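See below for the structure under consideration.
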Amino acid sequence: TAKRPIANAVWKFANQPDNPYLHAYWERMRQLNYDFLEADEQESIGAALRFTLSVPGVHTAIVGTVNPARWAVNAALASRGDLPENQFQSIRSKWEETAVGAGWRGL
């Protein structure tokens with residue numbers, strides 16, 4: 001099970017969000033600067049969700065929302081299946097490069 005696979009889509013904020021709970025997520029996404037974050041909002045959310053579900057051993061992704069309509073949208077995005085292996089590895093490599101040097105732990 002993976003919790004918060006979309007991390008509140010913090011990359012959509014041009015400036016640091018007001019909510020302090022989101023600051024660490026926002027700062028990490030800025031440092032990671034993944035290519036997929038440049039896509040439109042639905043594509044970037046889909047890539048984040050599908051990345052999480054592509055991790056071996058992950059069978060459930062807990063995505064919270066205050067908007068019940070998003071459940072259907074997220075289900076449709078997830079139904080597209082695993083990310084292509086080259087995209088998955090690119091995201092994974094960027095994380096390992098950045099997180100190891102920064103000493104990041106899970107949030």
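Derivation of every value follows stated rules applied to the coordinates shown; laboratory data play no part. Remember, it's a predicted structure, so these values are computed and weren't measured experimentally. Backbone-built Cβ (ideal geometry, glycine too); neighbour counts: all protein chains shown.
Here are some notes:
- For Ala61, the residues 5 or more places off, or on other chains, whose built amide H falls under 5 Å of its own are Ala2.
- More than 23 Å apart - percent of Cα-Cα pairs taken over the chain: 24
- Set of segment 88-107 residues, backbone N closer than 12 Å to the point 7 Å along the Cα-Cβ line of Asp35: 88-92, 94
- Of the trypsin sites (Lys or Arg not before Pro) found in segment 40-107, the ones in coil according to DSSP and having at most 14 other Cβ atoms within 10 Å of their Cβ are Arg80, Arg105.
- Global form of segment 37-77, assessed from the alpha-carbon gyration tensor, a/c cut-off 1.5: oblate
- Percentage relative contact order, the chain, counting C-alpha pairs under 8 Å, at least six apart: 32
- Cα gyration tensor category, rounded, prolate or oblate, for segment 1-53 with a/c compared to 1.5: oblate
- Take the Cβ atoms of Trp95 and Lys3, set R0 to 22 Å, and the FRET efficiency comes out at 0.85.
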